[in-house]
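The structure under discussion appears below in the form of structure tokens.
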Amino acid sequence: MGYGLILVDVQRNMLEGDGAVAGAAELRDVLAGLLEAARDAGAPIVHVKNDGPPGDPDEPGTPGWELVFPPRPGEPIVRKDAPNAFESNPALADVLRAMGVDALIVAGLQSEHCVQATAIGAAERGFDVVVPAGAHATYDDDAPAAEIVERVELDLAAAGVEVIELDEVRFH
């Protein structure tokens with residue numbers, strides 16, 4: 001099985017400065033570790049970048065819109081303007097399959113929006129999908145962020161997405 005990594009919306013507006021999610025420094029370290037492990041294993045990596053509307057912290061061209069981790073050659077950037085990266089980019093599944101990917105590790109921001117939608121979108125397109133616990137985050141909203149993250153992981157598992165502990169992640 002060929003695993004790939006999709007980093008969803010790992011953009012400066014959510015991991016740096018006053019608008020960062022709680023625990024941003026720890027999440028950044030976790031995501032950096034996943035990215036390094038994927039690179040070390042030679043796994044395909046796709047960086048998803050959200051295009052927010054004018055005035056949003058992730059408005060294209062603004063500092064908050066920039067990716068935290070610069071992609072290396074061969075690591076495509078996929079832009080989106082909807083929560084599900086596969087919906088915004090109908091060719092994404094074909095591109096991943098052409099890269100030899102049939103299983104995806106999905107991580108990034110925000111748990112209940114783009115991470116959940118992209119993970120389910122991948123599963124709907126026939127990929128085996130893994131979301132590592134601790135490799136996604138969000139903001140306080142209708143509940144504290146930690147409760148939202150927990151709820152998302154339960155919803156993902158119910159949708160057929162495998163939620164595993166971070167130390168269980170393997171790119172093979």
**Asked** In Å, what is the Rg of the alpha-carbon atoms in the chain, and how long is Dmax?
**Response** 14.6, 42
**Rg/Rh ratio calculated on Cα atoms of the stretch 53-94 (Kirkwood radius)** = 1.00
**Request:** Roll a 1.4 angstrom probe over the protein heavy atoms and tell me the percent of accessible area of the stretch 1-149 that is carbon or sulfur.
**Result:** 51 percent
**Item:** Accessible surface, per residue, of the chain when the full set of protein chains is kept, probe 1.4 Å, Å²
**Value:** 46 Å²
**222 nm mean residue ellipticity, helices alone, for the chain (DSSP H n ≥ 4; -39,500 (n - 2.57); rounded to 500)** = -9500 deg cm²/dmol
**Message:** Starting from the 7 Å offset along Cα-to-Cβ, what nm value, one decimal, do you get for the label separation of D40 and D155?
**Reply:** 3.3 nm
**Residue with peak Gaussian network fluctuation, the chain [Cα springs, cutoff 10 Å], from R125, R12, R72** = R72
**Prompt:** Short version: what are the Cα gyration tensor semi-axes of the stretch 56-146, square root of 5 times each eigenvalue, largest first, in whole Å?
**Reply:** 22, 18, 13
**Prompt:** Between Rg and the Kirkwood Rh of the stretch 98-172, both from Cα atoms, what is the Rg to Rh ratio?
**Reply:** 0.97
**Item:** Rounded to the nearest 10 Å², the accessible area of L15 at probe 1.4 Å
**Value:** 10 Å²
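The values are calculated or read from the model by the stated rules, or taken from the named source; none is laboratory data. Note that the structure is a prediction, hence the values are computed from the model and not measured. All Cβ positions, glycine included, derive from the backbone under ideal geometry; neighbour counts span all protein chains shown. What goes into the accessible areas is simple: the full protein's heavy atoms, side chains included, and nothing from ligands, DNA or RNA. Shrake-Rupley method; radii C 1.70, N 1.55, O 1.52, S 1.80 Å.
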